[in-house]
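Derivation of every value follows stated rules applied to the coordinates shown; laboratory data play no part. Only a predicted model underlies this, so the values are computations on that prediction, with no experimental measurement involved. Every residue, glycine as well, gets a Cβ built from its backbone with ideal geometry; the counts of neighbours run over all protein chains shown.
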Amino acid sequence: MTITRRTAAAGMLGLAAVPLANAASAPAKTWNVPAEGVGNRIKHVSWSDQGSHLDGVQIMLNRNHIYLGHQFTDGFSVLDATDARNIKPVKYVLTGANTSTHHLQVANDIMLVAEGANVMAMQAYDDGRSYFENTLADSITKKVPFRAGLSVWDIKTDPKNPREIAFLQIPGFGINRLWWTGGRYAYVSAHFDGFTDHVLGIVDVSNITKPVLVSKAWLPGMNRAAKEPNTTPRGKRYALHHMIVAGNRGYGAWRDGGFTIHDISDAAHPKLLSHINWTPPFAGGTHTPLPLPGRKLVLVAEESNAENCEKGMFYTWIVDVRNDANPLPIGALPSPKDRNYCAMGNFGPHNLHENRPGSFQSEETIFATYHNAGVRVFDIKNAFEPKEIAYWVPPGPKTLVDTHSGVSLAPQSCDVYVRPDGLMYVSDWNAGLHVLQYEG
């Protein structure tokens, strides 16, 4: 297998160790990782700077093209992935000024893009933690024009040049993330005017050029316009990161608000079946709820969001959902221990490979990103004794794309998409796209 090495050109990855910045609560460390990373049962194939837009987040694959949302520079990119050893950037699309489009979904040669305010540029603070510790509606004090809603793109006619064919405007600060695999309904986490933060919106896309919002659902206290008393504790954030659907059940991750199960058999009237929250005592930040319907389990990955483990450890929980009314955490994936990652910046889970149609699918082998600990693979055949079976740790970035204060100069592995053959695409919102081969 060819190993692509990158030299220390501007914005690219090099072999030199990179000192960490702003790790105030930990002794100085260096990120001694070569350009091809350090792996166990995972090999490095290639790297892409994504056309100099290094801040990639969600990854989708369609007709040998990668569609990639961006975290800080807005817009999305199209990459030609025909040759895994030579990923070619072919298009960058800015949907609107000051508009974040870091999440998107692809199915049936159609792409849905979540559009909303670039909160990072409009919030009242510049440190990394405050985004996760304050209600969205009270955070934006530098409001400028942006697009808020769901855009629909044709990616069949010319995969290299997506063409917008519809836009559903959502009054408010827009959409954070969505779930759609080609069915009638898309499930969006959106901020609507009058609400404290992102809540569930169900959108009918049966007529793809005329999407229609059919319902909303939220946790008690989030509907400010209805004068619901807000019960969010100080320093916490209750907001739907996103919902993933399996059959007629929707599984929601509400950041510090916990985990929910919904009956979505009637899309116009989603019904809350249960709500569980393990923060406190645990750190919170629920992010990705991955249902394993054949086993009646859901993995719930929390998003670590503090430098040097200042909030304690974040986990990926294994939840038994055999009884919709009584979801029960029965364990957690083991935290990486091969390095002292807490001393090197933001350490902990971020996202899970989501078993999308056409991708690698398994209810026993789980792929996860762990911020500065890279990408990890777990065997959960025995849900009570999950074990790590492979990992890959990336090199450090040369510079930070993330402009927040107090952020370490360290990798931030963000999203992972796995093909059926085990080829992995891994984004880093400071350092471009890595292509890896799982050898398990």
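Working out 0.36 nm times the residue gap between Val144 and Met313, then minus their Cα-Cα distance, what length gain in nm do you get to one decimal? Numbers along the way, then the final one.
On the way: separation 169, 0.36 × 169 = 60.84 nm, distance 3.60 nm.
Here the answer is 57.2 nm.
Relative protection proxy for 337-345, 261-269, from highest mean packing down: 337-345, 261-269 (other beta-carbon atoms within 10 angstrom).
In this entry, the stretch 127-191 is assigned a mean projected area of 6.5 nm², taken as a quarter of its C-alpha convex hull surface. Using only Cα coordinates, the Kirkwood hydrodynamic radius of the stretch 61-154 works out to 14.5 Å. The sum of -39500 (n - 2.57) across all DSSP H runs of n ≥ 4, divided by the residue count of the chain, sets its helix-only mean residue ellipticity at 222 nm to -500 deg cm²/dmol. If one computes P(r) from the Cα atoms of the stretch 18-438, what percent of pairs lie at distances over 40 Å? Of all Cα-Cα pairs in the stretch 18-438, 8 percent lie more than 40 Å apart. 3J(HN,Hα) couplings calculated from phi for the stretch 139-155 with the Karplus curve 6.51 cos²θ - 1.76 cosθ + 1.60 (θ = phi - 60°) are, in sequence order, 9, 8, 10, 10, 5, 10, x, 7, 9, 10, x, 10, 9, 10, 10, 7, 10 Hz; Gly and Pro show x.
Short-range pairs are left out: with C-alpha atoms under 8 Å and at least six residues apart, the relative contact order of the stretch 172-317 is 15 percent.
Kindly give Rg over Rh for the stretch 295-368, based on alpha-carbon atoms, with the Kirkwood expression for the hydrodynamic radius.
When Rh is taken as the Kirkwood radius, the ratio is 1.03.
Would you look at the GNM of the chain, springs on alpha carbons closer than 10 Å, and say which of His191, His242, His353 moves the most? Maximum fluctuation in the GNM of the chain, among the listed residues, is at His353.
Applying a 4.7 Å Cβ-Cβ cutoff to the chain leaves Cys414 as cysteine residues with no disulfide-compatible partner.
With Cα atoms as the point set, the stretch 306-440 shows a radius of gyration and Dmax of 15.4, 48 Å.
Comparing Cα centroids, the stretch 211-225 and the stretch 323-365 end up 28 angstrom apart. All Cα-Cα separations within the stretch 140-296 were binned at 5 Å from zero, giving a P(r) of 2, 9, 16, 21, 20, 15, 10, 5, 2, 1, 0, each value a whole percent of the pairs.
Over the stretch 191-250, what is the mean sequence separation of C-alpha contacts under 8 Å (at least six apart), divided by residue count, expressed as relative contact order in percent?
31 percent
For Lys216, the aspartates and glutamates whose Cα falls under 14 Å of its own Cα, not counting residues fewer than eight places away in the same chain, are Asp193, Asp197, Asp204, Asp263, Asp266.
Among the listed pairs Lys91/Lys156; Lys271/Lys296; Lys88/Lys398; Lys311/Lys398; Lys337/Lys387, those with a Cα-Cα distance over 23 Å are Lys311/Lys398. Taking all Cα pairs closer than 8 Å and separated by 6 or more residues, the relative contact order of the stretch 18-438 comes to 17 percent.
For the options Trp31, Trp278, Trp317, a Gaussian network treatment of the chain with springs between C-alpha atoms closer than 10 Å singles out Trp278 as fluctuating the most.
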